[in-house]
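All remarks here apply to the structure that follows.
Bear in mind that the values in this text are calculations on the coordinates, not laboratory data. Computed from a prediction, not measured in an experiment: that's the story for all the values here. Quick reminder, even Gly has a Cβ in these numbers, built from the backbone with ideal geometry, and neighbours come from all protein chains shown.
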Amino acid sequence: MNLPRPEMLSTIDHIGVAVEDIDAALSLYRDTLQMPLIHRETVEAQGVDAALLDIGGSHIELLQPLGPDTTVGKFLARRGSGLHHVAYRVPDIVRALSTLNAAGLRLIDERPRTGIRGSQVAFIHPSSTGGVLTEIVQP
């Protein structure tokens, strides 16, 4: 399999963490661990209440499902709270998706969709990435 060029992924954008109660999680990450909360938003299209906290040049994204039938709701029912995905920043998401598809990776999203703060996002199936749900993000 041909791997994508390394310069396509510029940095880790965020680590997604699935949580049952976003306010309790904020108490830990913001108050105890002292990570600044920089944005909070309900992303109806993805079925989550999301919060971004700063850590270095990246973020922790807390994800509370809006219901049990959402992707994150189903994840929590199967696995419980914890690491949900790793997201990498890309300069051109359409080009990145084309490159990843050509490399033989299984894409969940063949086209970008809108994520938190209006970013363009797409997911790569964990079966293609060593069991880790992978997101690419164009801010």
### Task
Send over the semi-axes of the chain's equivalent ellipsoid, whole angstrom and largest first, taken as the square roots of 5 times the C-alpha gyration tensor eigenvalues.
25, 17, 13
### Förster radius 41 Å - calculated FRET efficiency between ASP69 and ARG95, Cβ distance, rounded to 0.05
0.75
### Query
Once every DSSP H run of n ≥ 4 in the chain is given -39500 (n - 2.57) and the sum is divided by its residues, what mean residue ellipticity at 222 nm do you get, rounded to the nearest 500 deg cm²/dmol?
-4500 deg cm²/dmol
### Message
If you build the convex hull over the alpha carbons only and average its shadow over all orientations, what do you get for the stretch 48-88? Give it in nm² to one decimal.
### Response
3.0
### Summary
Footprinting proxy, LEU133, LEU100, LEU28: sorted fewest to most Cβ within 10 Å, the residues are LEU28, LEU133, LEU100
#### Entry: Degrees, to the nearest 10: 93-102 long Cα axis against longest axis of the chain
60
### Query
By DSSP, what percent of the beta bridges with both residues in the chain are antiparallel, rounded to the nearest 5?
75
### Query
At ASP109 and ARG79, where each label point lies 7 Å from the Cα along Cα→Cβ, what is the point-to-point distance in nanometres?
1.8
